[in-house]
Amino acid sequence: MTHLFRKGDGQPIRDAMTAAGLSGPQLAEATKEVDPDGKGISPAAVGAITGRGSSAQDRCRLRSAWLIADALDAAGADAPLQRLFSRFPMPKDSTSTVERSRSDAHEG
């Protein structure tokens, strides 16, 4: 089963929801409209994917991510899947990218 990771701790999703004028429960309902099976995503799952804090989940199923992106797109938000989710987790803390050289390197 393939999973995706939400970008920016879910902020891009929340921004798209605001742009589309959708609350969490409204987004859950909108996922039913774009789901070929008509099932959509539960309000609890949408809350976990879009939320903050200890109840938030950074990882979700590809199907859930796809339905969220499609529902937001159908609601008028410019929110392609790639802007909202990634195949790999994003680092929480930035790390230094300073290049290092060996002090014992031979110049020559």
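Please identify every one of the GluC sites (Glu not before Pro) in the range 1-99 that sits in a loop by DSSP and has no more than 11 other beta carbons within 10 Å of its own beta carbon. In loop regions of the range 1-99 (DSSP not H, G, I, E or B), the sparsely surrounded GluC sites (Glu not before Pro) are Glu99.
May I ask for the net charge around Lys32, where only other residues with Cβ less than 12 Å from the Cβ of Lys32 are counted and Lys, Arg are +1 while Asp, Glu are -1?
-4
For Met17, the solvent-accessible surface with a 1.4 Å probe is about 20 Å², rounded to the nearest 10. For the range 1-92, rounded, prolate or oblate, judged on the Cα gyration tensor with a ≥ b ≥ c (square roots of eigenvalues), a/c < 1.5 rounded, else prolate if a/b > b/c? Note, shape of the range 1-92 comes out rounded. Amide hydrogen proximity for Gly51: with H placed 1.01 Å from N in the peptide plane, the residues at 5 or more positions away or on another chain lying under 5 Å are Gln57.
Among the trypsin sites (Lys or Arg not before Pro) in the range 1-89, those located in a DSSP loop and surrounded by at most 15 other Cβ atoms within 10 Å of their own Cβ are Lys39, Arg52, Arg87.
Taking a point 7 angstrom from the Cα of Ala74 along the C-beta vector, which residues in the range 1-40 have backbone N less than 14 Å away? What the label zone holds, given the 14 Å backbone N cut-off, is 26-40.
Express the carbon and sulfur contribution to the solvent-accessible surface of the range 1-100 as a percent, rounded to the nearest whole number, probe 1.4 angstrom.
Looking at the range 1-100 in its full context, I get 50 percent from C and S.
The values are calculated or read from the model by the stated rules, or taken from the named source; none is laboratory data. Fair warning: this is a prediction, and the values are worked out from it, not measured in the lab. Glycine also receives a Cβ, built like all others from the backbone with ideal geometry; neighbour counts cover every protein chain displayed. Side chains are part of the model used for accessible areas, which takes the heavy atoms of the whole protein and leaves out ligands, DNA and RNA. Shrake-Rupley method; radii C 1.70, N 1.55, O 1.52, S 1.80 Å.
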